[in-house]
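Engineer: Can you read through this structure? Questions will come right after.
The values are calculated or read from the model by the stated rules, or taken from the named source; none is laboratory data. Everything numeric in this text was worked out from a predicted model, so none of it was measured. So basically every Cβ, Gly included, is an ideal-geometry build from the backbone, and we count neighbours across all protein chains shown.
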Amino acid sequence: MPAPFPGMDPYLEGELWQEFHETLASAIRAQLMPRLAPKYVALLAKRYTLDRPALGIFDAPPLRVVYPDVHVVAPTAHSGTPGPSPAPAPGPGGIAAPAVELPSYVAVPQLSIEIRDVAERRLVTLIEIPSPANKQGEGAREYQDRRLDLLRTRAHLLELDLLRGGARIPLAGAPPPAPYYAFLSRSQRRPFTQVWPIALRERLPVVPVPLLPPDPDVPLDLQAAVVDCFELVGYERLLPYADPPPPPELGPEDAAWVAATLRDAKLRAV
């Protein structure tokens, strides 16, 4: 069956998120490029955040930079088989210092789409797609610091928050409650931010991508970008639709709607 949901697929918020995140960034770039040429170009920019994915998508402790100063060594005997662990080396005052095993961290790539003018290569609009790694703990703080730095420039910022869990961007007023949002901060309208609340059962919107004056905005069809991702990868073959959606847990009405939507999609595919 094709993509079963009319809008965002909540099952993408699980273990396939990182793969989908990068595919979506590429799909957005591919959609925008013909609309930007010849004056502008869309470039993919990558940075990294440390994360502990084994602990789940949103239940990890605060992210941090790790500077290891101890490690666990498994000594081997001359025969090549593991030998007994040595006694801990005495620390200050003759007290043995225990060995500590460090947690496993991985560098999680974060992709952004940079709209730049060809003539001067200046950043015109940055499109961000927040991931779990930058919606909680130190990752969220790092993202907010980077965001504030960009808001001090003349570049526009378009943020596509397609995750139900984790921290939202700070706003002076509370937007209408919704599982997903698009936020647009135009450089000439700051501190005001345009907000698109996106319901679980709605099609993802078409949002504007601002350029340099007097050039008009170009449209970005988010739903078309997600459909392109499904057509390219076939996520409907990979997502665990027999299980409940990934956390955070849906309310009873939304959970019932998700189950009914999947049943209807399966019947249509027969």
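Engineer: Residues in region 140-151: is at least one surrounded by fewer than 16 Cβ atoms within 10 Å (Cβ to Cβ), more than 19 Å from the chain's Cα centre (by Cα) and free of Cβ contacts under 8 Å to residues at least 60 places away in the same chain?
Structural biologist: Looking through region 140-151, at least one residue is surrounded by fewer than 16 Cβ atoms within 10 Å (Cβ to Cβ), more than 19 Å from the chain's Cα centre (by Cα) and free of Cβ contacts under 8 Å to residues at least 60 places away in the same chain.
Engineer: Output the residues belonging to region 240-251 that are without any contact (Cβ under 8 Å) to a residue 60 or more places away in the chain and under 21 Å from LEU163 (Cβ atoms).
Structural biologist: Result: ASP243, PRO244, GLU249, GLY251.
Engineer: Which of the residues that make up region 183-199 are exposed (fewer than 14 other Cβ atoms within 10 Å of the Cβ) and of a type in the set (A, V, I, L, M, F, W, C)?
Structural biologist: Across region 183-199, the qualifying residue is only PHE192.
Engineer: Now for a separate question. Answer with yes or no whether PRO213 is closer than 30 Å to VAL258 by Cβ and over 17 Å from the mean Cα position of the chain (by Cα).
Structural biologist: So PRO213 fails the test.
Engineer: Which of the residues belonging to region 164-182 are of a type outside the set (Lys, Arg), over 21 Å from LEU148 (Cα atoms) and surrounded by 15 or more Cβ atoms within 10 Å (Cβ to Cβ)?
Structural biologist: Passing the criteria: GLY165, ALA178, PRO179, TYR180.
Engineer: Scan region 228-241 for residues that are exposed (fewer than 14 other Cβ atoms within 10 Å of the Cβ) and either more than 15 Å from LEU16 (Cβ to Cβ) or not hydrophobic (A, V, I, L, M, F, W, C) (or both) and report the count.
Structural biologist: The total comes to 4.
Engineer: Those residues that are modelled with pLDDT of 95 or more and touching a Lys or Arg at 6+ places or on another chain (Cβ under 6 Å), I need them from region 138-160; list them, please.
Structural biologist: Listed by number, the list holds a single entry, HIS156.
Engineer: Could you give me the residue pairs with C-beta distances under 9 Å whose first residue belongs to region 6-17 and is on the phi > 0 side of the Ramachandran plot and touching a residue at least 12 places away in the same chain (Cβ under 8 Å), whose second residue is hydrophobic (A, V, I, L, M, F, W, C) and surrounded by fewer than 23 Cβ atoms within 10 Å (Cβ to Cβ) wherever it lies, and which are 6+ apart or on separate chains?
Structural biologist: Close Cβ pairs satisfying both conditions: none exist.
Engineer: Out of region 25-42, which residues are in contact with a helix residue (DSSP H, G or I) (Cβ under 7 Å, 6 or more places away or on another chain) and over 15 Å from LEU126 (Cα atoms)?
Structural biologist: ALA27, GLN31
Engineer: Taking the residues in region 115-139 that are in contact with a Leu (Cβ under 7 Å, 6 or more places away or on another chain) and surrounded by fewer than 18 Cβ atoms within 10 Å (Cβ to Cβ) as candidates, determine which candidate is nearest to LEU211 (Cα to Cα).
Structural biologist: The residue in question is ASP117.
Engineer: So, one more: Among the residues of region 184-200, what is the count of those that are small (Gly, Ala, Ser) and touching a residue at least 40 places away in the same chain (Cβ under 8 Å)?
Structural biologist: 1
Engineer: In region 209-227, is there at least one residue being of a type in the set (A, V, I, L, M), surrounded by 14 or more Cβ atoms within 10 Å (Cβ to Cβ) and farther than 20 Å from ILE127 by Cα?
Structural biologist: Within region 209-227, not a single residue is of a type in the set (A, V, I, L, M), surrounded by 14 or more Cβ atoms within 10 Å (Cβ to Cβ) and farther than 20 Å from ILE127 by Cα.
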